[in-house]
Amino acid sequence: MDSKEFRAEARKMADRIADYFEEIEKYPVKSRVQPGETGAQLPGQPPATAEGMAEIMADFERIIMPGVTHWQHPSFFAYFPANTSYPSLLAEMLTAALGLQCMIWETSPAAAELEEKVMNWLKQMCGLPENWTGVIQDTASASTLAALLTARERATGFSTNEHGISGSEKLRVYCSSETHSSVEKAAKIAGIGRRNVVKIPVNEVCAMDAAALEEAITVDLNAGFTPVCVVATIGTTGTTAVDPLPEIGSICRKHNIWFHVDAAYGGTALVLPEMRHHARGLELADSYVFNPHKWMFTNFDCSAYFVRDPELLIRTFEILPEYLKTSTRGLVNDYRDWGVALGRRFRALKLWFVIRNFGVEGIREKVRKHIELAHWLEEEIRKRDDFELLAPVNFSTVCFRYLPEGITGEEEINHLNQKLLQSLNASGKLYMTHTKVGGKYTLRMVIAQTNVEKRHVEEAWERIRKEAESILTN
Ligand SMILES: *Cc1c(COP(=O)(O)O)cnc(C)c1O
C-alpha cells in the first residue's frame, strides 16, 4: 500500500467508524455466533499473494462483525465497561502511526515526559496524594502484579530477585473473599503461591472485615509466616463494595505490610469530590491502581498505577544490559524499569487527548450522569415489591434480582433470574452479567458506557420488568 491508497482507505475508514457509532444501536449488543462459527469461515492458510482492502473489508463486515460483542453500545451494561471515545480513538491512530517503543526516555523523550505529566494530572483530577508517582501499565492485573512483586522484594530485603524463591520464606498475602482474581494470579506468578493468599471474610455489604484481617495476620505471625501485602478494593467486581481503608491501612502500618488498593473501576469516580468519601484512608496506601480504560473514556489498554516510593518499584524491576545504557540515566524516567515489559506502547497520548478534549469538567459531567442514572434505577427497584436490591449502589452499578410473590425456594429464585438474564441478553437489546451475593443469583447492571443516556436505562428497565413477568407466566 502506498500513501495515495492509504489516504483514500483511511478516509473510508473514518466514515466506516463514524457510521458504526451513529448506527451502533442496530446491532445486537451481545454477539449471537456459536462456538466455531467465525473460525469455520476463515481460511486455514494465509494468502500467498496480496489482497485488496475492498476484499479484506468485505470479509470484515461478513465474517468478523457478527462475532463482535458491542462494548461501545450504550446498552452495554455487562462486566465493567471498556469505554472508548472519539478523542481516544484519534490518539490511537497516531500512536499506531508513530509506532513508538517507549521503553526508555531516549527511545522517545516526549512519550516519557507526557506520561509523567498526565499521571500528575490524574492525581490532581482524582484528589490523590500529591507525593505519589504514577506510571501507565497495560492492565490492573499487571499493576497488581507489580505491587505484589515490590511488596515481596521489600519484605525479603530484595533477596528473592537475586536468589529466587526457596519456599522457606512463608510469605502471605491478604485480600477479601470478594477481591478480583488478579490478586491470586499475581501471587502465583510472584512465587508466593495461591495457597498463601488469605481470603478475609466480608460483612453484609461485601466489604472486608478489618477485625478478621488483624486476627488472620496475628495467627500467621505466630505460625512463622511473613505477611507481605494486603490488597483492598474500592469498588469490587461483584457488587462494587468498598473495603474499610482507614482500618486496613492502619493494620498494615502497624505490622509494616505493603498496602495495595485496587480501584480498577471505582477509581474514576474520584474525579467527583462528592465521591471521595470512598477513598478515605487511601493516603495510607503504598500503591494504587485504577483503569482509565474502564470508565474514563480512554480505550483499552490504559491502567494508571501509583506508588508512594518509586525507588522500591524501580529496584524491583531494574535491569541494565549494555545495549540499554544511556547518558541520561537518573535524570529522566526510563519506564522499562517500572513494570514487567521492556517494550511499551505510547499510551499517554490517548489519555492526554481524552483529558484535553473532554476537559476535566466534561469527564465529571459524564461520570456524574452515570451515577445519577444508577440511583434512578435503584429508586425504581425500591418502589416495587417483585424486585429486590442486593447491594448498596456505591457507584454506577445496580445489583438486584427478580423476586415475585409466591416463589420462595432460593434455588428456584436463582433459576428464574438466570433464565431472565439469558433471555434479556438473547434479545440483543441490552447486555448484563451476573454475580452471586450470599448464594443469591444477582443481576448486575453497570451504567457506565460512554454514550449511555437516560432512555437506554429506561428502556432496559422496562424490558427487564416485561421479560420477568413473561418468564413467570410461561
Ligand atoms: C476489572 C478489574 C480488574 C482487572 O482489570 P484488568 O485491567 O483487565 O487487568 C482488577 N480489579 C478489579 C476490581 C476490576 O474490576
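The values are calculated or read from the model by the stated rules, or taken from the named source; none is laboratory data. In this text the structure is predicted, and so the values were computed from the model without any measurement. When we count neighbours, we look across all protein chains shown, and the Cβ atoms used for this are built from the backbone with ideal geometry, even at glycine. Surface areas here come from the heavy atoms of the whole protein model, side chains and all, with no ligands, DNA or RNA. Shrake-Rupley method; radii C 1.70, N 1.55, O 1.52, S 1.80 Å.
Brief remarks on what is shown
- Rg over Rh, two decimals, the chain (C-alpha only, Kirkwood Rh): 0.99
- 222 nm mean residue ellipticity, helices alone, for the chain (DSSP H n ≥ 4; -39,500 (n - 2.57); rounded to 500): -13500 deg cm²/dmol
- Of the listed residues Asp243, Asp385, Asp286, Asp15, the order by accessible area with a 1.4 Å probe, largest first, is Asp385, Asp15, Asp286, Asp243.
- Here the mean projected area of the convex hull built on the C-alpha positions of the stretch 100-345 is 13.1 nm².
- The solvent-accessible area of Arg16, taken with every protein chain present and a 1.4 Å probe, is close to 50 Å².
- In this simple spin-label approximation, His375 and Lys12 carry label points 7 Å from Cα along the Cα→Cβ vector, and these lie 4.9 nm apart.
- With all protein chains modelled, accessible area of Glu322 [1.4 Å, Å²]: 130
- Accessible area per residue for the stretch 100-345, computed on protein heavy atoms with a 1.4 Å probe, is 39 Å².
- Projected label points at Arg280 and Glu5, each 7 Å from Cα along the beta carbon direction, are separated by 6.3 nanometres.
- Annotation for the stretch 384-454: GluC sites (Glu not before Pro) lying in DSSP loop with at most 14 further Cβ atoms inside 10 Å of their Cβ are Glu405, Glu453.
- Under a 5 Å amide H cut-off, with hydrogens placed 1.01 Å from N, Trp132 pairs with nothing among residues at least 5 apart or on other chains.
- Taking a straight Cα-Cα cut-off under 27 Å and skipping sequence neighbours fewer than 8 places away in the same chain, the lysines within cross-link reach of Lys419 are Lys26, Lys30, Lys383, Lys429, Lys436, Lys440, Lys454, Lys466.
- Derived scalar couplings ³J(HN,Hα) [the stretch 200-213; Karplus, 6.51 cos²θ - 1.76 cosθ + 1.60; whole Hz; x for Gly, Pro]: 7, x, 10, 8, 5, 10, 6, 9, 4, 7, 5, 5, 5, 5
- A simple spin-label model places the labels of Arg382 and Val68 4.0 nm from each other, with each point 7 Å out along Cα-to-Cβ.
- Amide H contacts of Phe387 (H built 1.01 Å from N, in plane; Pro and chain starts excluded): Leu403 sit under 5 Å, all sequence-distant by 5 or more or on other chains.
- Total lysine pairs under 19 Å (Cα atoms) in the stretch 100-345, excluding pairs fewer than 8 apart on one chain: 6
- Gained length - Phe158 relative to Leu320, 0.36 nm times residue gap less alpha-carbon distance: 56.7 nm
- Sequence of Lys369, Lys199 from largest to smallest accessible area, 1.4 Å probe: Lys199, Lys369
- For Glu411 and Ala341, the difference between the fully extended length at 0.36 nm per residue and the C-alpha to C-alpha distance is 20.6 nm.
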